[in-house]
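To keep things clear, I will list the structure first and then write my remarks on it.
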Amino acid sequence: MDTKDFIVLEDLYGAHNYHPLDIVITRGKGIWVWDVEGDKYLDFLSAYSAINHGHCHPRILKALETQARKLTLTSRAFRNDQWPLLAKELCELTGYEMALPMNSGAEGIETAIKTARKWAYQKKGIPQDCAEIIACSDNFHGRTITLVSLSTEPLYRKDFGPFTPGFVIVPYGDPDALEAAINANTAAFLVEPIQAEAGINIPPEGYLKKAKEICERHNILFIADEIQTGLGRTGKLLACDHEGVKPDILVLGKSLGGGCYVISAALSSRTILGLFKPGEHGSTFGANPLACAVAREALSVLVEEEMVENSAEQGEYFLSKLETLKSSHIAEVRGKGLLIGIELAPEAGGARRFCEALKEEGLLCKETHEHVIRFAPPLIIKQKDLNWAFRRIQQVFKKIK
């Protein structure tokens, strides 16, 4: 079967809830992938930052294979020997006291919301069922009914109501708007340190620090969604580290599974996460030994192979290269670490055609919010590979009129 055959099958039998580039990938290694025809491409998206370690990292793959031969799933009805070790290592790495494991990033955010509401009723004294959580415009926290309830993107909301109440939306990057929205029923503020899905939106310098100070002053929880930005993507272990901010609740996902297995976690203090009692929250697959063994190795690899430091170094280098691009199509280049976006001018005709052209040059990336090209290569990438990518980006911007 060739690419066209697979596309026909997918379009016939699969729901059309994505608009992928027309490439059918069959193999990956490190920063490279191959399609079913054997053509080679540089992965410049990393599965939306889930493959920070690169495809099929040998150490992570070995951990997966070893654990898969021993034990894959127990449910939380019983204990396993991998979750306690992951919990300890994750808390020690991030500086938190407790972790609550789930599967997808969306489940991690749902967990944070439930946690904040429980804290609001039991600790802050907000009347039952009255708690409010403040979120930001242009956010992307997931696609469950509750999470699209706090979205401002019409595409994510149309035809999916009625929506979950209890959310207040304020402009992103505006601490004064945050403070003005707080009332006696406010439980928490939920924010992405950088809005990746919205177009690599970077808030004004000092925004996170001011927001955290406001939250502390009003006794509300600061929740950071670091599903895409966490674990080295922006050149720090956490994107909040750029401003020295420690969230009250931190949500991690995506690359926590090393690109091999799905796992997420909400982390906080014992005072906050310790409020949960047996039966109040959980997941059959949450903390399964296979995911935990993979995540443990992924964290070790991240630290031992200095991927966070490489992200900072290579990201700074590549951003400086991209800023030299000369094209009337480019409105702005922005990013931190290896999370970079090129925003195109409205008259450029949208980012999709640029991503399709880059695919033809052997570089895989994806448009986000129509006018932004997102670059997020694996954190193992080297300068020579970035130079290779830059030459192709340069060619495409010269070629497309």
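A short reminder: the numbers here are calculations on the coordinates, not readings from a lab. None of the values given here were measured: they were computed from a predicted structure. Backbone-built Cβ (ideal geometry, glycine too); neighbour counts: all protein chains shown.
Overview of results
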| item | result |
| --- | --- |
| Convex hull of segment 268-397 built on C-alpha atoms - directionally averaged projected area, nm² | 11.5 |
| Amide H contacts of Ile330 (H built 1.01 Å from N, under 5 Å, at least 5 apart or other chain) | Ala345 |
| C-alpha long axis of helix 83-94 to longest principal axis of the chain, angle in ° | 80 |
| Ascending count of other beta-carbon atoms within 10 Å, so fewest first, for Val8, Val301 | Val8, Val301 |
| Alpha-carbon radius of gyration plus Dmax, which is the widest Cα pair, for segment 58-304 in Å | 17.7, 55 |
| Ranked Cys260, Cys292, criterion: other C-beta atoms within 10 Å, fewest first | Cys260, Cys292 |
| Loop-resident sites, segment 305-350, for trypsin sites (Lys or Arg not before Pro), counting at most 16 other Cβ within 10 Å (DSSP) | Lys326 |
| Given charges at beta-carbon only (K, R positive; D, E negative), |dipole| of segment 58-304 in Debye | 860 |
| Rounded tilt (10° steps) of 307-322 against the dominant C-alpha axis of the chain | 50 |
| Segment 1-122: projected area of the alpha-carbon convex hull, averaged over directions, in nm² | 11.7 |
| Relative exposure of His329, His16, His218, judged by other C-beta atoms within 10 Å (fewest first) | His16, His218, His329 |
| Contact order relative to length of the chain, as percent, for alpha carbon pairs under 8 angstrom and 6 or more apart | 23 |
| Segment 376-383 - phi-based ³J(HN,Hα) in whole Hz, Karplus 6.51/-1.76/1.60, Gly and Pro as x | 8, x, x, 6, 8, 5, 10, 4 |
| Cα centroid separation - segment 318-370 against segment 164-236, whole Å | 26 |
| Where trypsin sites (Lys or Arg not before Pro) fall in DSSP loop in segment 97-197, at most 16 other Cβ within 10 Å | Arg143, Lys158 |
| Trypsin sites (Lys or Arg not before Pro) lying in DSSP loop within segment 1-69, provided at most 10 other Cβ fall within 10 Å | none |
| Solution diffusion estimate, µm²/s, Stokes-Einstein, segment 166-249, Kirkwood Rh from C-alpha pairs, 37 °C, viscosity 0.692 mPa s | 253 |
| Counting DSSP beta bridges with both ends in the chain, the antiparallel % (nearest 5) | 65 |
| Net charge contributed by nearby residues that have their C-beta within less than 12 Å of Gly95 (K/R +1, D/E -1) | -2 |
